[in-house]
Amino acid sequence: MSDEEHHFDSKADAGASKTYPQQAGTIRKNGYIVIKNRPCKVVEVSTSKTGKHGHAKCHFVGIDIFNGKKLEDIVPSSHNCDAPHVNRTDYQLIDISEDGFVSLLTENGNTKDDLKLPTDENLLSQIKDGFAEGKDLVVTVMSAMGEEQICALKDI
Amino acid sequence: MQRSPNDLSQLQATMRAIELACSSIQMMVNPAEAEATILSFCQSPQPYQACQYIIENSQMPNARFQAATAIRDAAIRELEFSAAEKETFLAEVKQATLGIHGADVQFIGINFLESLVSEFSLSTSTTMVLPTEFHDQCQKSMELEYLKAFYCWARDAALSMTNKILDSDSAVPETKASTAALRLMLQILNWDFRYSKNGVEGAKGRKNVFSARVGNDNNLSRRSECTVVQPGPAWHEVLISSGHISWLLSFYRALRKKFSCEGFWLDCPLAVSARKLIVQFCSLKGDIFHSDNGQMQENHLLQLLSGIIEWVNPPEAVSKAIESGKSESEMLDGCRALLSIATVTTPVVFDQLLKSISSFGTLTLLSALMCEVLKVLIVSNAEEETWSWVARDLLLDTWTALLVPIESGGKTGLLPAEGRNAAANVFSLIVESELKAASASACSDDVDTDYFQASVSAMDERLSSYALIGRAAIDITIPLLTNLFNERVARLHQGRGITDPTVTLEELYSMLLIIGHVLADEGDGETPLVPKAIQTQHVASGESEKHPVVVLSSSILNFAKQSLDPEMRASIFSPRLMEAIAWFLARWSSTYLMPPEETGENSGSGYDNNHMVQSLCSSKALLIFGEHNQGKSVLDLVVHIATTTLVFYPGEKDLQALTCYHLLHALVRRRNVCVHLVALDSWHHLANAFANERLLFTLYSAHQRSLAQTLVVSASGMRNPDASNQYVRDLMGHMTNYLVELSSKNDLKIVAQQPDVILSVSCLLERLRGAARATEPRTQKAIYEMGSTVMNSILIFLEVYKHEFAVVYLLLKFVVDWVDGQIIYLEAQETAGVVNFCMRLLQLYSSHNIGKISLSLSSSLLSEAKTEKYKDLRALLQLLANLCSKDLVDFSSDSTETPGTNISQVVYFGLCIVIPLISLDLLKYPKLCRDFFSLLSHLLEVYPEMVAQLNDEAFSHVLGTLDFGLHHQDTEVVDMCLRALKALASYHYKETSVGKVGLGARAAGSKDQSGQMSEGIFSQFLRTLLHLVLFEDYSIDLVSAAADALLPLILCEQALYQRLGNELIERQVNPAFKSRLANALQSLTSSNQLSFTLDRMNYQRFRKNLNHFLVEVRGFLRMI
């Protein structure tokens, strides 16, 4: 096996890209996909054919990872879809301001102050109560296609 | 009967009250009050005398009717009579049944018997809160003492009405009663005869005391319509030698002539009942016939058949009549009768039956009938189920009953020559009709049917029946298939680029399925041999090339080969056609490609010499695809075709699934084939493409796992272990290097989140997992290296991808499979390394997941997250269980003195990490539940002493889950809990009996904060277990396990056991039961020289005792 055959190099410089092409047939349930320009988590994949002796196509049902809305798409399974670049980062919570913004501590010691509290009631109350009790809280921020949201919480 | 005047006046008063009520209902005067009167009469206790009086004396038919109804209701309500009462009562019923009191009462009498019989048959009895033992006795006495008498009454009743019915031109009241009589007779013949079978089938007759209602399962089988009737020799007189059947047949024949009259028609209840009874007679079997070489049974069947033949013969006329509006029920009943006869005879006897009364055999009739039905099917082509569907399925079942070889008894699927022609005729029409159906459906866009797996399994049963028929005459059917196949291939070529090939493609698809079924059997993981019917049938030509199977196989292989040509592929080989080809090649290869050499030598046993020689000829001819013949070139072709489906059909997941899971798996299943595989260039190319080229990354990731597994398995075909290991290293080395490099990147945190990197990592993990699953002693070393190279990277990825559930799961699953394959081979130092790695993995996972709360934006996402959690936990449990196995099986070369890793410590530590993550809610997932309990029971069995060291919280959690598991529906879970209990209790007993503490305070019970004494764990479990074995429903398989757990529990808590036993005895009201229970309890702990030790001998004795005990007492302790 020679070095020329090595095709696995990761493109470190491509980090800025928001989406990547991926063959529809390889997208699995629980993976990510862009449908109608929204980043979605795939909750259902089914395949069918265009006519009995035609080619396969994939039917995706996705849930928008930011607003929970359901979206659907049908793509020939040998074609490419867009897969979103979904990033999750943990930050320590340092403050909650009165206007509903949070103050987060980044890894390099700066603060990040441009995020609102989540709208999800369960998560919201856990954050508020935990913060009021003086617990050390770590929040996970999910970002994709230029959007950001707090998506999880952990008490350390 | 003597009656005092006082009684008499009272009876008269009752009668008058009832008569009054009846007439007021009739005249609609104060109906509510009248109804109340009758209702209270019906519900009064023991109304028999009054009823009898009314029936004998009242002039009003309605009153007599009400009285008879009241008897019926009361008799069912109050099953217990004194003997004398019973006699009088039954005499009364007999009178009624025979029609002494007129047709109305006769009808009620017969109906009463019908409900009585169904009440006594356990499967249809109502719930009465009486001991099961009582039900059994009722059933036995019913069968031995009454059933035959009831049958005779019904028969006599029917006989007595014959003339009246046949003489009248319209329905008379007797019709109803006569129908009921026939129905009762049918019902009696449906009885599950247990006691009259000369004790030959004693095992079947034995009652299962452990679960309430059994014996219904066999009715659920597809051929439920032909349950064999075996009432035993006592019934010979009544059913066979009395001329009863000829009466029935002539009665129905006479009835047929009256169908044109008013009140009678083909589907009138009387005709239906008569036909059902006739069909039921066709399934008579067993020692009701004298042992005279089946002569008596043949006569019996012939008699029936000569009556039935009018229903189905001549087939064309019958089907024409049905198509033009006649009811199909008689024809279908005729088919059912044929099915029943086929079930109780051999093909030869079956065929002979008709020959003695007509110019053709029964097989010829069957064939003609089937052909007729198929013709109707071809023409009508209806979507919904019509009579022809039902008839086809019935007749197919009949063929199957004739052709399926019975394992013992020497009955084979071989037909007489004439029958073979009949089968061939049917088969050609079958193929025609399937082709017609295929071409009709070719252009329909029906999404439901075009998924390959679904369509095959739905058709599979039908196709298997077709295959049996086809194999009955391979010298005709296989050449036919070859011609039809070649015709279609030629049509494709001619029309290429000119006409739309869809219809022909669909026909070829359908043909490949049929041919696959005819030529080969499903292996189900084993190597299927050439079907016996093909092996043993005489084939005229001795040359291999001309053997019809070889000719057909070659045609298909040649056709499949054309898919390698890009132009042909584009114009002809649609994904769906390739699916059929891949499926066919997989099935065909397992049987014919490089078969194990000894085929044919043993297969002839049981046949005469002549057959043996033929079978050898036939299988020798088929060796043309063997290793020393064309085998290698065919194998090469198959590999090329498989690669083609993976490379040139992008995104065709279903096709590729067939290739990966069926075709390639079939190739590497046998080592002799692997030897040739690894020598092929085509295989080498496939392996190389998989290891080094981007292209195969576009396969679905689970398919990649399977492919990796297949490729690693094929390494067993290398010359020696070193070569095999090198093969695996070459294959997997690149992939592990990539993972290691990636995990050591400085900017991993950023890079790792890119979708393409996630995809690559996922695919590689799947591949590694596939390779790990293929671990064999021969390749173990290379696969160990593969895993240990990435151990560190795995931990890094677990941290980086902690939010990517899908990747986390793949990481865990890889480790599970890798440890599973490796652990038993590892040396002490390697073991320490792997165990240490697993602990770090567990800790890391736990630190990410305890106390985490996620966004619950959408309920479906939330439930997804729960499922993911469950899958992760299951993987962790499997990991722990795999680690455990090191203590049981160890192939390492270390001597036992080397201080190894203490697995028990490690696994307990692991369990403490995992337990907080497992809730009772999660245990509702059946697979997780099994895994959890198998781990738990294993731990408690092997290391009971560790339980004492658990902290309180973990300890009570463990016990809580045990209690939960004991009441689980899954037998295996209960069994595992019982084993765990046995281990705990016997450990404690053994320890304490040598003066140690055992489980100490935990066994003794304790005071909680409020000062209340709570019982020790063994007391609690003794109660629970006793209740379980005595009163609850469970599988009979659990009795031994329950005995093993119960014995040490009793020994640990002897005082409590005595107390519980006494309580049980005191609770019995019935003195007979009381003493039986006391004796049974006594012998449970004393018979068979049971002692106070816990050795194997003693456990066995106690198992025996408990079994006896339960059989003795559960009958009256449990209420149904």
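The values are calculated or read from the model by the stated rules, or taken from the named source; none is laboratory data. Computed from a predicted model, the values in this text were never measured in an experiment. With ideal geometry, Cβ positions are generated from the backbone for all residues, glycine too; neighbour counts draw on all protein chains shown. Each accessible area value is taken on the protein alone, full model and side chains, heavy atoms only, with ligands, DNA and RNA left out. Shrake-Rupley method; radii C 1.70, N 1.55, O 1.52, S 1.80 Å.
Quick look at the numbers
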{"quantity": "Buried accessible area, chains A and B (both chains, 1.4 Å probe, Å² to nearest 100)", "calculated": "5300 Å²"}
{"quantity": "Share of carbon and sulfur in the accessible heavy-atom surface of the stretch B:920-1074 [1.4 Å probe, %]", "calculated": "51 percent"}
{"quantity": "Protection-proxy order for peptides B:953-966, B:339-352, A:90-103, each taking the mean of Cβ atoms within 10 Å per residue, highest first", "calculated": "B:339-352, B:953-966, A:90-103"}
{"quantity": "The stretch B:268-286 versus the stretch B:979-998: alpha-carbon centroid distance in Å", "calculated": "63 Å"}
{"quantity": "Check: chain A dipole with +1 on Lys, Arg Cβ and -1 on Asp, Glu Cβ, in debye", "calculated": "1080 debye"}
{"quantity": "List of the stretch B:686-714 residues, accessible area with partners at least 20 Å² below that of the chain alone (1.4 Å probe)", "calculated": "B:688, B:692, B:694, B:697, B:698, B:700, B:701"}
{"quantity": "Flagged links, alpha-carbon separation over 30 Å, of A:112/A:135; A:41/A:112; B:749/B:869; A:57/A:154; B:320/B:436", "calculated": "A:57/A:154"}
{"quantity": "Percent accessible area from carbon and sulfur atoms, the stretch B:231-388, protein chains only, probe 1.4 Å", "calculated": "54 percent"}
{"quantity": "FRET efficiency for residue B:1035 and residue B:149, using Cβ-Cβ distance with R0 set to 30 Å, rounded to 0.05", "calculated": "0.20"}
{"quantity": "Gain in span if fully extended, residue B:1111 to residue B:695, counting 0.36 nm per residue against the direct Cα distance", "calculated": "143.2 nm"}
{"quantity": "10 Å Cβ neighbours from other chains, averaged over peptide B:646-652", "calculated": "5"}
{"quantity": "Neighbour-limited loop hits for trypsin sites (Lys or Arg not before Pro), the stretch B:315-363 (at most 15 other Cβ within 10 Å; DSSP other than H, G, I, E, B)", "calculated": "B:326"}
{"quantity": "Sulfur and carbon atoms: percent of accessible area, the stretch A:53-135 [1.4 Å]", "calculated": "44 percent"}
{"quantity": "Cα-based equivalent ellipsoid, chain A: semi-axes from gyration tensor eigenvalues, Å", "calculated": "37, 21, 12"}
{"quantity": "At least 50 Å² of accessible area lost relative to the chain alone, listed for the stretch B:729-762 with a 1.4 Å probe", "calculated": "B:734, B:738, B:753, B:754, B:755, B:756, B:759"}
{"quantity": "Point-to-point label distance, residue B:524-residue B:162, nm (Cα→Cβ direction, 7 Å offset)", "calculated": "4.9 nm"}
{"quantity": "1.4 Å probe, heavy atoms, protein only - residues of the stretch A:104-132 losing at least 20 Å² accessible area vs chain alone", "calculated": "A:107, A:120, A:122, A:123, A:126"}
{"quantity": "Added length on full extension, which subtracts the Cα-Cα distance from 0.36 nm per residue, residue B:464 to residue B:942", "calculated": "167.3 nm"}
{"quantity": "Cβ-derived FRET efficiency at R0 56 Å, residue B:36 paired with residue B:993, nearest 0.05", "calculated": "0.20"}
{"quantity": "Extension reserve of the residue B:494-residue B:737 stretch, reckoned as 0.36 nm per residue once the Cα distance is removed", "calculated": "82.2 nm"}
{"quantity": "Average beta carbon contacts from partner chains per residue of A:39-51, 10 Å cutoff", "calculated": "3"}
{"quantity": "Set B:813/B:886; B:164/B:285; A:128/B:813; A:128/B:927 screened for pairs whose C-alpha atoms are more than 28 Å apart", "calculated": "B:164/B:285; A:128/B:813; A:128/B:927"}
{"quantity": "Virtual spin-label span in nm between residue B:956 and residue B:250, 7 Å along Cα→Cβ", "calculated": "8.4 nm"}
{"quantity": "Inter-probe distance in nm under a simple model that places probes 7 Å from Cα toward Cβ, at residue B:776 and residue B:672", "calculated": "1.5 nm"}
{"quantity": "Inter-centroid distance (Cα atoms) of the stretch B:622-698 relative to the stretch B:348-368, Å", "calculated": "49 Å"}
{"quantity": "Per-residue HN-Hα couplings for the stretch B:833-842 [Karplus 6.51, -1.76, 1.60; θ = phi - 60°; Hz; x = Gly/Pro]", "calculated": "x, 5, 5, 4, 4, 4, 5, 5, 4, 4"}
{"quantity": "Backbone N under 18 Å from the residue B:296 label point (7 Å along Cα→Cβ), restricted to the stretch B:250-290", "calculated": "B:281-290"}
{"quantity": "Tilt relative to chain A, helix A:121-132 - C-alpha long axis, 0 to 90 degrees, to 10", "calculated": "30 degrees"}
{"quantity": "In order through the stretch B:296-310: 3J(HN,Hα) via Karplus (6.51 cos²θ - 1.76 cosθ + 1.60), integer Hz, x for Gly, Pro", "calculated": "5, 5, 4, 4, 4, 5, 4, 4, 5, 4, 5, x, 6, 4, 4"}
{"quantity": "Cβ-Cβ FRET estimate between residue B:303 and residue B:57, R0 fixed at 45 Å, reported to 0.05", "calculated": "0.50"}
{"quantity": "Relative contact order, percent, the stretch B:1047-1120 [alpha-carbon distance under 8 Å, six or more residues apart]", "calculated": "30 percent"}
{"quantity": "Centroid-to-centroid separation of the stretch B:502-538 and the stretch B:714-777 [C-alpha atoms, Å]", "calculated": "38 Å"}
